[in-house]
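The values are calculated or read from the model by the stated rules, or taken from the named source; none is laboratory data. Treat the numbers as computed from the prediction; the structure is a model and nothing was measured. For neighbour counting, all protein chains shown are included, and Cβ atoms are generated from backbone atoms with ideal geometry for every residue, glycine included. To get the accessible areas, we keep the full protein, side chains included, count just its heavy atoms, and leave off ligands, DNA and RNA. Shrake-Rupley method; radii C 1.70, N 1.55, O 1.52, S 1.80 Å.
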Amino acid sequence: MNLIALLKDDIVFAIRETYKLDVSADQLLINQTRKEFEGDFTLVTFPLAKALKANPVQIAETIGLWLQDHIQRIERYNVVKGFLNLSLGRESWVAFLRDLTQDLQYGTFETNAKKLMVEFSSPNTNKPLHLGHIRNILLGWSISRIAKANGYEVIKTQIINDRGIAVCKSMYAWHHYSNGETPETAGVKGDILVGKYYVLYDQKLREEYARWQKSGQANEVYELKKEGEETMEHFFRRYKNDYFNNHSHIGKATREMLLAWESGDKDIVDLWKKMNTWVYKGFDETYKALEVSFDTIYYESETYLLGKESIDKGLQKGVFYRKEDGSVWIDLSDAGLDHKILLRSDGTSVYMTQDIGTAQKRYADFGIDSMIYTVGDEQEYHFKVLFEILKRLGEPYADALYHLSYGMVDLPTGKMKSREGTVVDADDLIAEVIGEAQQASEDRGGLEHLSDQERREIYRKVGLAALKYFIIKVNPRKRMVFNPRESVDMQGQTGPYIQNAYVRIMSVIRKHTGNLVDCSDPGHIEDIERDILNTIAQYPDIVREAMQSYDPSAVANYCYTLAKAYHRFYHEVRILSAETEVLKNFRIHLSEAVARVLKKGMHLLGIEMPEYM
């Protein structure tokens, strides 16, 4: 039973009867009534003024009076400027709760017969997954579940960046400095081992660069290319990439390794396969620990040549143009963008070319209607260009592409840098939050009656909830700071705080010894009970809103609001020792409804609910 949907239908009917005009329920804006005013739900009438040709106050009075006279669930109304505040009768709230006890699909919508692909994670194979990847993964996983609840058929995917100069850096370092070290001999995960050599590569390159800066050649370069009175220190800071491309022996050898891979050199390809196999196994362990999975995986080594055929077709249609040097471009200036290269003068493709081809392959593979790319905000311009190109190529899904852009994650100690080894590996972070959860639980006590295995499972659930919720509760577009200790705080806006509300309800249910009968009218309900029911009534709209805005934080913050209301209810009223059996029965049903909605909401965030903590 979607109470707000029913209210919207009532209001649509009221407008038809009083103004002889049909409006869509989607045009109606209904909010929870603010605490300082009387009412349960508020209709904002300002958006209706033009269509109804009346002022908002008059509209509110007309609709409110009609609803009060004709709709049984509306007990009374009041108008504050253009806001129509509606109060439901107690019987309506009891009926709503009674229906909730039977509605196992509450907050889940019927299929819309549309296929949605969600891309997330998409790491490089030169290093392990880290805190930044975790935000990407959790956002992608959560929006996948939210989309499914909204009726989409969801295909979860990633494209693994398993080729290129960065991957060759790890390969070069392992080949020259490892003495044959393997994950087994080192006793570490494969992705951790490969990441170690990526860091070592940067260290060796910096050492080589420092030596070169003392050479006569470096001095000549400085004198030739310095800007004005620029110091050597400043010049060499900005010249690092040029050094890598033009002077570095290590850089030259690494580029030769990439060319050897592209030409199919057996030894290089075998090394690439071996190290990537180590990394994939490590990734899988991390994904399992985070409780995420994928329906299909694409590899850049298999897709980097895709898109070239589309470029040829686009040239024939006049979508692209060729410069005198043979390179291919597209002019997007009329869309507020710039000229973008698609093929280099030597005929090699760029990332954009690959992304065009990959999008087309995904459509060919799955017939998707839309797609979400979960990628950091530093790639916003890239995706604006990609989507515009796909539109001009006439791709049928091009108008239904979305870049789920998110800000970076910092630690209390500052930014992370992969090449310098200052990132926090995902595995270490997962272990840390589970350890924090264990310490907090042992400090509180109360789990002594459980086995060691049961306690470990609780620590895992609470720790992962702390990690996931702390990240997802922040609007994706905001940069954020992750603090492991704060994330497990039982009193703050955290995952464990919400889990604790669920645990309290499970405790109430275990202690109830009688039979739970159908929910009946207790004759009176407290304000806090009405508030909880009102909050539960918001849930389907929150699930819709989270999908429409591509923002899982809407669900996360909703769960906190509901949990906070239940904690207050738990402290303010008697449940098992209620004055009457009918009232006790009502409050247990109310508690169960909160538990179900909390479990549903947290499930959308990828969070499990323990029965003890």
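Return yes when Ala173 is open to solvent by 40 Å² or more (accessible area, probe 1.4 Å) and farther than 24 Å from Asp377 by Cβ and no when it is not. No: the conditions fail for Ala173. In this structure, Ser349 qualifies as small (Gly, Ala, Ser), at pLDDT below 95 and crowded, with 18+ Cβ neighbours inside 10 Å. Restricting attention to the range 260-290, the residues that are in contact with a Lys or Arg (Cβ under 9 Å, 6 or more places away or on another chain), within 28 Å of Leu467 (Cβ to Cβ) and either free of Cβ contacts under 8 Å to residues at least 24 places away in the same chain or acidic (Asp, Glu) (or both) add up to 1. What number goes with the only condition from (1) touching a His at 6+ places or on another chain (Cβ under 9 Å); (2) under 30 Å from His603 (Cα atoms); (3) surrounded by fewer than 17 Cβ atoms within 10 Å (Cβ to Cβ) that Thr286 does not pass? For Thr286, the failing item is (3). Regarding the range 183-194, can at least one residue be identified that is assigned to a loop (DSSP other than H, G, I, E, B), modelled with pLDDT of 95 or more and more than 27 Å from Val409 (Cβ to Cβ)? Yes, because at least one residue in the range 183-194 is assigned to a loop (DSSP other than H, G, I, E, B), modelled with pLDDT of 95 or more and more than 27 Å from Val409 (Cβ to Cβ). Return a yes/no flag: does the range 532-549 have any residue that is more than 27 Å from Asp489 (Cα to Cα) and of a type in the set (Asp, Glu). Among the residues of the range 532-549, at least one is more than 27 Å from Asp489 (Cα to Cα) and of a type in the set (Asp, Glu), which makes the answer yes. Check the range 413-426 and report whether any residue there is within 15 Å of His133 (Cα to Cα) and modelled with pLDDT of 90 or more. Yes, there is a match, as at least one residue in the range 413-426 is within 15 Å of His133 (Cα to Cα) and modelled with pLDDT of 90 or more. When the helices (runs of 4 or more DSSP H) confined to the range 379-480 are screened for residues that are over 30 Å from Ile311 (Cα atoms) and open to solvent by less than 40 Å² (accessible area, probe 1.4 Å), those reaching at least 2 such residues are found at 426-444, 452-472. Got at least one residue in the range 265-278 being within 23 Å of Val385 (Cα to Cα) and either modelled with pLDDT under 95 or surrounded by 14 or more Cβ atoms within 10 Å (Cβ to Cβ) (or both)? No, that holds for no residue.
Each row is one residue, and each column tells you yes or no for (1) of a type outside the set (Val, Ile, Thr); (2) open to solvent by 50 Å² or more (accessible area, probe 1.4 Å); (3) farther than 22 Å from Phe470 by Cβ.
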position: Asp531; (1), (2), (3): yes, no, yes
position: Ser549; (1), (2), (3): yes, yes, no
position: Lys599; (1), (2), (3): yes, yes, no
position: Met613; (1), (2), (3): yes, no, no
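Of all the residues in the range 131-163, those that are in a loop (DSSP other than H, G, I, E, B) and open to solvent by less than 10 Å² (accessible area, probe 1.4 Å) number 3.
Kindly indicate which of Ala431, Ala437, Ala465, Ala501 is more than 19 Å from Leu604 (Cα to Cα) and either aromatic (Phe, Trp, Tyr) or in contact (Cβ under 8 Å) with a residue 24 or more places away in the chain (or both). Of the residues listed, the single one that is more than 19 Å from Leu604 (Cα to Cα) and either aromatic (Phe, Trp, Tyr) or in contact (Cβ under 8 Å) with a residue 24 or more places away in the chain (or both) is Ala437.
Taking (1) among the polar types (S, T, N, Q); (2) at pLDDT below 95; (3) over 30 Å from Ala166 (Cβ atoms) in turn, Asn126 satisfies each apart from (3).
Please indicate, with yes or no, whether at least one residue in the range 209-227 is touching a Lys or Arg at 6+ places or on another chain (Cβ under 8 Å) and open to solvent by less than 80 Å² (accessible area, probe 1.4 Å). Yes, the range 209-227 contains at least one residue that is touching a Lys or Arg at 6+ places or on another chain (Cβ under 8 Å) and open to solvent by less than 80 Å² (accessible area, probe 1.4 Å). Beta carbons closer than 9 Å, at least 6 apart along the sequence or on distinct chains, pair a first residue in the range 304-327 that is closer than 14 Å to Asp346 by Cα with a second that is open to solvent by less than 70 Å² (accessible area, probe 1.4 Å) and aromatic (Phe, Trp, Tyr) for Arg322/Trp329; Lys323/Trp329.
The residue that is least open to solvent (accessible area, probe 1.4 Å), counting only those in the range 565-580 that are without any contact (Cβ under 8 Å) to a residue 24 or more places away in the chain and not aliphatic (A, V, I, L, M), is Ser577.
Flag set for Glu61, criterion: in contact with a strand residue (DSSP E or B) (Cβ under 6 Å, 6 or more places away or on another chain) and at negative phi.
Taking the condition closer than 30 Å to Arg135 by Cβ and modelled with pLDDT under 95, does Tyr502 pass? No. Checked against the criteria, Trp141 does not count as of a type in the set (Phe, Trp, Tyr), farther than 26 Å from Ala398 by Cβ and modelled with pLDDT of 95 or more.
Among all positions in the range 232-252, there is no residue which is under 23 Å from Thr358 (Cα atoms) and either part of a loop (DSSP other than H, G, I, E, B) or open to solvent by less than 20 Å² (accessible area, probe 1.4 Å) (or both). Number of residues in the range 172-208 that are in contact (Cβ under 8 Å) with a residue 12 or more places away in the chain and either at positive phi or hydroxyl-bearing (Ser, Thr, Tyr) (or both) equals 7.
Listed by first and then second residue, the pairs with beta-carbon distance under 8 Å, at least 6 apart or on different chains, first residue in the range 473-495 and free of Cβ contacts under 8 Å to residues at least 24 places away in the same chain, second outside any strand (DSSP E or B) and of a type outside the set (Asp, Glu), are Glu486/Phe470; Glu486/Gly492; Glu486/Thr494; Asp489/Pro496; Asp489/Tyr497; Gln491/Tyr497. Looking only at the range 321-328, decide whether some residue is out of contact with any His (no Cβ under 9 Å at 6 or more places or on another chain), under 24 Å from Ile159 (Cα atoms), modelled with pLDDT of 95 or more and buried (at least 16 other Cβ atoms within 10 Å of the Cβ). For the range 321-328, residues out of contact with any His (no Cβ under 9 Å at 6 or more places or on another chain), under 24 Å from Ile159 (Cα atoms), modelled with pLDDT of 95 or more and buried (at least 16 other Cβ atoms within 10 Å of the Cβ): absent.
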